[in-house]
Each structure stands twice: as structure tokens, then as C-alpha cells.
Amino acid sequence: MGIFERILRFWIIKHILGPKSFSAIIGFISGRDVPKWLLRPFIRFYIWKYNIRIDEFDVDIDTVSSFTEFFIRKFKPGRRQFKGDFVSPAESIVTDYGYIENKKQLEVKGMVCKMNDFFYESPPYDFKSFAIFYLSPADYHRVHAPFDITINKIVYIPGDLYSVKPKTVEKKDTLYCDNRRVVLYGNSKYGKVGIILVGALIVGKIVLSFGTRPKSKKYKTEEVNIKISKGEEIGRFELGSTVIMLMEDGYLVNMPVKKGTHILLGTDLSESFQNLSI
């Protein structure tokens, strides 16, 4: 079978099954043990294709037993620093940031998402600013605390699993309101904060480093009191996605990086606090 026929078959299967079923199947396969003679060349190809600096990670591609095990790899100690009052929560592309219009809707590149729809409920805080971090297939897929936070509520929201690539977001104006996501509400010395982990195509699993994981895919809330220090791991995606950060003040309006810039985990973003314009 030629490469064109393979791509066509892949495309047909994806669209017949729909994003959730397709993601579930691919996620299941990715998490299965695969013969090393088949897995190792695939991982090496993946590393080459996405230009991953594998020497930065604490992983041995000759011993991993599944693609997921490779994908959720951790950095070697000291490879990323968390200096500054506010640091990047993820190795990612900063796709957008700004004001939340009238505290009621999120507007991103033409997409309008009402806050009540985004949170599946009336949010407990009046958030004023947002920042979006897109994790590409090449990136490290663990999320860390941007500063000290006390998480007081976790909300699990069911949904679809559409791709969250920037081009897809521009075409589907309700994507962030439609996709599966986990919302973390918390307090910090900078005020109330919301951190949302948004699932995507093939990313059915959003695994938190604390709390419980719901056994069903239904809406669920969990009251907690979890203190997380800056740089501490919050959770991980088992295949790429997006992190959305919200704050009750305008701290995220004037991020010290241009939109579309790729930044490293732990990048110092403290200048945002100095540029506060609200």
C-alpha cells in the first residue's frame, strides 16, 4: 500500500469514528506494550521528526515498553530552572493572551467562548486576564505550577477531543468550550487563579499529580486543599494539548513574550506583574 493510500485510510477512519472514539483507540494502542524491534525505530523517527533534544530527558528509549511511557518522559534534574516570581507552566507556544471581555467571555483569534460554557458552570471568581500555552507533539507534556498556589477545587468536564492546533482553533470557534478539560481553581499571593488543562485529539488522558481521577467521564467536582509550590508538577497529558491560565487581575495582559513564541518550561514571565495595566 502506497503512502497516499495509507494517509487516506487514516483520514477516513478518523472521520468515521469521530474524535473521541478515534482518540480512545489511538490512546489505547499508545499505552500498550509493543515489541522493542517495532517501538524503538518509531520513537527514533519521532525524535528526528520533531527535533527533540533527547539528551535533556531522563529516559532510555531502549528500555521503554510503550509510546506513552516515552511521551510522558521527565527532564533530567536541573535541566529546567524556576527562577522569578512567575514562570512558564509548560514547554509550549504562547498562542494568545489578553483581557477577558466584561469578565464574561474569552475571545481568542476570533473564537468566542462564554465563561459559563467554558467552566460548565458560573465560575466562582471574576477572572480578568488569560494566557494560552499550546503544547506541540515535540514538547515536554508535564505541567508545573507557575507560582505558589493552593488548589481548592477541581472540576472534571467531559467533552470532545478535537485537535487544538492553532489553525484548528481558528476554524472551530467553540473548541475550548467543546473539548474535555480539567479546571483547577486556587488562591495565590497574586489573587485568584484558574488553570485549565484542555484535552485534544488522541489526548484522552489528563492525569493530575494529586487528587483523584474520576472513574467515569461525567461532570464531577472535587473540593480540595492542596498546596503546590512554584515549579512543582501539577499533572500531565498523555499526548499533546493546551494549558489555559486565568487570573482575577490583569497580570496576563502584558506577557513579556510575543504571541506565537515558543518558550521553555520555567521561563521567567515576572515582567507581566510589572506591566500590570488594570
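Scanning the stretch 97-143 for residues being modelled with pLDDT of 80 or more and either among the charged types (D, E, K, R) or within 19 Å of the chain's Cα centre (by Cα) (or both) gives a total of 19.
Would you check if Arg236 is at pLDDT 75 or above and either closer than 18 Å to Met115 by Cα or buried (at least 23 other Cβ atoms within 10 Å of the Cβ) (or both)? Criteria not met by Arg236.
Of the listed requirements (1) over 26 Å from Arg79 (Cβ atoms); (2) within 18 Å of the chain's Cα centre (by Cα); (3) modelled with pLDDT under 90; (4) among the hydrophobic types (A, V, I, L, M, F, W, C), Leu276 misses just one: (2). Among the residues of the stretch 204-233, the ones that are crowded, with 19+ Cβ neighbours inside 10 Å and modelled with pLDDT of 95 or more come to 2 in all.
Look at Val87 and say whether it is farther than 29 Å from Pro256 by Cα and either touching a His at 6+ places or on another chain (Cβ under 8 Å) or modelled with pLDDT of 85 or more (or both). It is false that Val87 is farther than 29 Å from Pro256 by Cα and either touching a His at 6+ places or on another chain (Cβ under 8 Å) or modelled with pLDDT of 85 or more (or both).
The single condition from (1) modelled with pLDDT of 80 or more; (2) of a type in the set (A, V, I, L, M); (3) closer than 23 Å to Asp96 by Cα that Ala200 fails is (1). Yes or no: the stretch 157-175 includes at least one residue that is at pLDDT 90 or above, outside any loop (DSSP other than H, G, I, E, B) and charged (D, E, K, R). Looking through the stretch 157-175, none of the residues is at pLDDT 90 or above, outside any loop (DSSP other than H, G, I, E, B) and charged (D, E, K, R).
Reported count of residues in the stretch 53-92, each being in contact (Cβ under 8 Å) with a residue 24 or more places away in the chain, within 18 Å of the chain's Cα centre (by Cα) and farther than 19 Å from Glu232 by Cβ, is 3.
Does at least one position in the stretch 13-35 carry a residue that is farther than 21 Å from Thr267 by Cβ and either modelled with pLDDT of 70 or more or touching a Cys at 6+ places or on another chain (Cβ under 6 Å) (or both)? Yes, the conditions are met somewhere in the stretch 13-35.
The values are calculated or read from the model by the stated rules, or taken from the named source; none is laboratory data. In this text the structure is predicted, and so the values were computed from the model without any measurement. Reconstructed Cβ throughout: ideal geometry from the backbone, glycine too, with neighbour counts over all protein chains shown.
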